[in-house]
1. Residue by residue through the stretch 57-83, note down the ones that are modelled with pLDDT under 95 and aliphatic (A, V, I, L, M).
2. In the stretch 18-41, how many are assigned to a loop (DSSP other than H, G, I, E, B) and either in contact with a helix residue (DSSP H, G or I) (Cβ under 7 Å, 6 or more places away or on another chain) or closer than 11 Å to R73 by Cβ (or both)?
3. Can you pull out every residue in the stretch 4-34 that is touching a residue at least 12 places away in the same chain (Cβ under 8 Å) and farther than 19 Å from R80 by Cα?
4. Just checking, how many residues over the stretch 42-65 are touching a Ser or Thr at 6+ places or on another chain (Cβ under 7 Å), outside any loop (DSSP other than H, G, I, E, B) and surrounded by 13 or more Cβ atoms within 10 Å (Cβ to Cβ)?
5. Does A24 satisfy the criteria of being closer than 14 Å to D9 by Cα, modelled with pLDDT of 95 or more and touching a Phe, Trp or Tyr at 6+ places or on another chain (Cβ under 6 Å)?
6. When you go through (1) buried (at least 16 other Cβ atoms within 10 Å of the Cβ); (2) more than 22 Å from E88 (Cα to Cα); (3) not hydrophobic (A, V, I, L, M, F, W, C) one by one for S70, which number turns out not to apply?
7. Please go through the stretch 1-17 and give me each residue that is outside any helix (DSSP H, G or I), surrounded by 13 or more Cβ atoms within 10 Å (Cβ to Cβ) and of a type in the set (A, V, I, L, M, F, W, C), ordered by number.
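The values are calculated or read from the model by the stated rules, or taken from the named source; none is laboratory data. Since we're looking at a predicted model, the values are computed, not measured. Positions of Cβ are generated from backbone atoms using ideal geometry, with glycine treated the same way; all protein chains shown enter the neighbour counts.
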Amino acid sequence: MSGERHRLDVWLWHARCVRTRSVAAELVRAGHVRLNGARVSAPAQPVRLGDVLTIALTGRVRLMKVTGFSERRGDAQAARETYLDLSEPPRDGPDVQESPE
């Protein structure tokens, strides 16, 4: 299983990082995705288990470790099983409590 790999654009789509596979391919071509720290521009770039992706999405950077693959795009729960989110939580969300001064 360690030799298993998938196309980067397909993995991004299956992991529900984007709405369509064509948007995933454009995100990669535009240089908004790094694979193990190196910028990639080919949507067909292979992704393997254990790889770490840095993805610049609208106003946020996500850091995701690939933990699995799926044969098709499933629901959100199935998508969450394909990665480990290493990103820092957003700072300006409603759950953030401000410290008293």
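1. L57, V61, A76, A78, A79
2. Residues in the stretch 18-41 being assigned to a loop (DSSP other than H, G, I, E, B) and either in contact with a helix residue (DSSP H, G or I) (Cβ under 7 Å, 6 or more places away or on another chain) or closer than 11 Å to R73 by Cβ (or both): 5 in total.
3. Across the stretch 4-34, the qualifying residues are A25, L27, V28, R29, H32, R34.
4. Here the count works out to 2.
5. So A24 fits the description; yes.
6. Failed condition: (1).
7. Across the stretch 1-17, the qualifying residues are A15, C17.
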